[in-house]
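Asker: One structure is given below, represented as structure tokens, and several questions about it will come after.
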Amino acid sequence: MSLIRPDRRAALGLVAGAAAGLAGCGRSGQGTRLTFWAMGNEATNVPKILPRFEAQNPGMTVDVQALPWTAAHQKLLTAYAGSSLPDLSQVGNTWVSEMSAIGAISELPASASDLLTDQFPAVLDTNRVNGRLVGVPWYVDTRLLFVRTDLLAQAGYDAVPTTWADWKASMHAVKRLVGPDRYAILLPLNEFEQLLTLGLQGEEPLLRDDDTRGNFSSPSFVAALAFYKSLFDEGLAPVASSTQISNVWTEFDRGWFSFHFSGPWTIGEFRDRLSPTTRWNTAGVPGPRGPGASAPGGSSLVVYRSSPNQEAAWKLVRFLMDPAVQVEFNRITGDLPSRPSAWADPAVVADPAITAFKGQLERAKPVPKAPEWERIVTEMQIVAERMVRGEFTPEAAGAEIDRRADRLLAKRRWMKEQGRA
């Protein structure tokens with residue numbers, strides 16, 4: 001599970017075996033050619049900032065290979081099996097534990113310890129496996145609320161409330177304003193991110209027993225299930241999947257819903273596509289008793305153990321992590337910088353739609369690092385949809401998600417018992 005936006009770019013393919021003649025150039029210096037796999041918008045735009053790196057490091061060149069997000073995870077695993085991984089790559093930060101578990105990625109060297117400072121703690125923690133840092137956040141994102149501030153104001157609210165109860169009251173006020181054929185919030189039933197965000201508001205972890213069993217029957221997650229279900233039961237959210245909606249910006253623009261969970265990529269889309277008269281902004285996610293948490297998203301940079309160019313690869317990572325370079329990359333792509341110091345730059349801090357993201361990232365909570373996590377949240381989403389449609393109560397849904405998670409984690413439990421995990 002990765003909280004980054006889906007790619008809109010077709011694969012350019014994989015290049016197997018990067019210049020065998022350079023295999024002996026494991027140290028930075030003359031004639032080092034780095035192969036860097038990147039995805040989506042980043043693959044399109046990172047070549048724009050690399051000439052500066054190459055100018056600062058004579059003799060080094062970087063070959064960027066583009067992968068689509070929809071195929072990148074499988075392509076990386078296939079490349080690992082075929083001994084054809086690049087020197088370094090971008091990965092979804094929820095893939096880091098899996099890539100580490102199979103022994104594909106290098107631990108952060110002592111020379112790169114400066115990259116551990118000036119970070120959002122929860123995002124950095126997604127790159128820590130068994131106490132070892134094996135990657136660094138390249139850019140960050142998380143999901144929060146995009147809000148029709150004009151409709152919210154007409155409903156009598158000058159800001160999004162910070163607790164679930166008050167937030168629901170504001171949604172009912174919006175619903176009364178817009179009428180029976182419109183809604184307050186969009187929660188597509190084929191997406192897991194919204195329920196996951198609500199589930200992270202609780203005090204109890206989502207997995208228990210050293211991440212070998214589900215903990216979705218815990219009181220805090222059942223409370224999240226109940227709140228989620230109530231939004232449909234009370235007519236505040238349509239019982240619909242994203243495939244039943246023409247497109248988000250059109251429906252948001254016409255006021256079919258006024259609250260939308262999404263990430264920073266939506267800022268540019270809304271600015272390009274919404275009517276100039278539509279008033280909107282971003283806001284933090286409410287929690288049961290105050291401002292709530294969310295999952296840390298974004299992409300990380302990892303160096304592969306098979307690379308003969310370790311020093312040079314980490315040099316490129318350090319360049320991409322430089323706060324000034326991150327500000328420039330934000331200007332080009334809209335990606336949110338992973339280094340908090342970069343947020344102080346006027347080019348970043350002056351954007352009112354970005355402001356709420358910094359506070360939300362500071363409240364982010366890491367998701368479990370079990371390699372099975374992406375499959376678990378898929379099962380969570382399937383059960384939650386059946387709950388919304390009346391098949392389960394929240395308590396029964398929590399128990400059913402636990403049953404499915406425990407089945408997916410059976411091998412992990414066996415390996416722990418055998419001392420092989």
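Asker: Within the set of pairs 6+ apart or on separate chains, which have a first residue in the range 28-53 that is under 19 Å from Leu85 (Cα atoms) and surrounded by fewer than 21 Cβ atoms within 10 Å (Cβ to Cβ), a second that is at pLDDT below 95 and not acidic (Asp, Glu), and C-beta atoms under 6 Å apart?
Answerer: Matching pairs, first to second residue: Arg33/Ala19; Arg33/Leu22.
Asker: Looking at Val160 and the list (1) in contact (Cβ under 8 Å) with a residue 12 or more places away in the chain; (2) under 28 Å from Ile245 (Cα atoms); (3) assigned to a helix (DSSP H, G or I), which single condition is not satisfied?
Answerer: All conditions pass for Val160, except number (3).
Asker: Cβ contacts < 7 Å: first residue within 22 Å of Trp373 (Cβ to Cβ), restricted to the range 97-121; second residue open to solvent by 70 Å² or more (accessible area, probe 1.4 Å) and part of a loop (DSSP other than H, G, I, E, B), any location; separation 6+ or different chain. Result?
Answerer: Going by the 7 Å Cβ cut-off, the qualifying pairs are Gly103/Arg305; Ala104/Arg305; Ile105/Arg305.
Asker: Give the residues of the range 67-86 that are in contact with an Asp or Glu (Cβ under 9 Å, 6 or more places away or on another chain), under 21 Å from Pro308 (Cα atoms) and open to solvent by less than 30 Å² (accessible area, probe 1.4 Å), sorted by residue number.
Answerer: Correct list: Pro86 only.
Asker: Would you mind telling me which numbered condition in (1) in contact with a helix residue (DSSP H, G or I) (Cβ under 6 Å, 6 or more places away or on another chain); (2) in a helix (DSSP H, G or I) Glu385 fails?
Answerer: Looking at each condition in turn, Glu385 falls short on (1).
Asker: May I ask you to verify whether Met387 is open to solvent by less than 50 Å² (accessible area, probe 1.4 Å), aliphatic (A, V, I, L, M) and more than 24 Å from the chain's Cα centre (by Cα)?
Answerer: In short, yes.
Asker: Moving on to the next point. Within the range 155-167, track down each residue that is within 17 Å of Thr282 (Cα to Cα), surrounded by 15 or more Cβ atoms within 10 Å (Cβ to Cβ) and out of contact with any Phe, Trp or Tyr (no Cβ under 6 Å at 6 or more places or on another chain).
Answerer: Answer for the range 155-167, where residues must be within 17 Å of Thr282 (Cα to Cα), surrounded by 15 or more Cβ atoms within 10 Å (Cβ to Cβ) and out of contact with any Phe, Trp or Tyr (no Cβ under 6 Å at 6 or more places or on another chain): Tyr157, Val160, Thr162, Thr163, Trp167.
Asker: Still on this structure, please answer the following. Which of the helices (runs of 4 or more DSSP H) found entirely inside the range 25-132 contain at least 2 residues meeting this: under 23 Å from the mean Cα position of the chain (by Cα)?
Answerer: Correct list: 40-45, 69-81, 96-101, 121-125.
Asker: Right, next: Could you list, in sequence order, the residues of the range 392-417 that are loosely packed, with under 15 Cβ neighbours inside 10 Å and of a type in the set (Gly, Ala, Ser)?
Answerer: Correct list: Ala410 only.
Asker: Hey, another quick one. Do the conditions hold for Thr250, that is, is it part of a helix (DSSP H, G or I), more than 23 Å from the chain's Cα centre (by Cα) and more than 30 Å from Gln119 (Cβ to Cβ)?
Answerer: Against the criterion (part of a helix (DSSP H, G or I), more than 23 Å from the chain's Cα centre (by Cα) and more than 30 Å from Gln119 (Cβ to Cβ)), Thr250 qualifies.
The values are calculated or read from the model by the stated rules, or taken from the named source; none is laboratory data. Remember, it's a predicted structure, so these values are computed and weren't measured experimentally. All Cβ positions, even for glycine, are placed from backbone atoms using ideal geometry, and neighbour counts span all protein chains on display. For accessibility, only protein heavy atoms count, side chains too; no ligands or nucleic acids. Shrake-Rupley method; radii C 1.70, N 1.55, O 1.52, S 1.80 Å.
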